[in-house]
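S.K.: Could you have a look at this structure, given as structure tokens, before my questions?
What follows is calculated from the coordinates using simple rules that are stated; it is not laboratory data. In this text, all values refer to a predicted model and were calculated from it rather than measured experimentally. Counting neighbours? That spans all protein chains shown, and the Cβs are built from the backbone with ideal geometry, glycine included.
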Amino acid sequence: MTDESWLGAPTVEETAYHEAGHIVVASAVGLHLRQAGLVIWEGVNGYFGCAAIWEDEQWDKQWDKQLCCLRAGAKAQLRRYPSSSAMWGSHKDDDEIFDIVRKHFNGQWSDMEEKIDTQVDILLENNWSAVDAVAQAVIAGDWKPAEDQGIKATRKKQLDGVTLEAILETHGIPAVVR
């Protein structure tokens, strides 16, 4: 395997902390997780992941919680790896953030950014041991063939919802997986 870190592509560890940030903050603010849990795929240009969170009626209209959850991935990644290029994994998150702000807050992200960032920083500080536990668990997991439809990857690591629920419970976070 060639070293493509100069391209800024995230490592599996950076991706794990990014996705763990989403999972922990979502659970800490009361958003529900999906059974798929947390998945990291190995793609041609590095790693990419998914934190499976329900985006239904409980997601809709809970904009502060939603924005915190979306922002938490990059902030967790950068907290653990300060020289990381979080931009690789954050484009989709940023697109969703700006879509919410445009539709529901008249595009005034500059007015909200400090508030959301402060909330996320506090949530990550208070729950960092859980972020670390989730990230380390997925990193330590075995690689499995990537059988997911539509995903261009050869293999994946995954923590299902039941596993995440157990990890989060040991850190005092009442996760709901459905």
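S.K.: At 7 Å along Cα-to-Cβ for each site, give me the label-to-label distance between residue 110 and residue 91 in nm.
M.R.: About 2.6 nm, to one decimal.
S.K.: Here is a further query. Just how many % of Cα pairs in the chain lie over 29 Å apart, if you round to the nearest whole percent?
M.R.: 16 percent
S.K.: With respect to the cross-link table entries 92/115; 103/156; 65/144; 61/152; 115/152, which display a Cα-Cα separation exceeding 30 Å?
M.R.: Violating the 30 Å limit, Cα to Cα: 103/156; 65/144; 61/152; 115/152.
S.K.: Taking 0.36 nm per residue of separation and subtracting the Cα-Cα distance, what length does fully extending residue 55 through residue 169 add?
M.R.: Full extension from residue 55 to residue 169 adds 38.8 nm.
S.K.: Relative contact order for the chain using alpha-carbon pairs under 8 Å, separation at least 6, rounded to a whole percent?
M.R.: 34 percent
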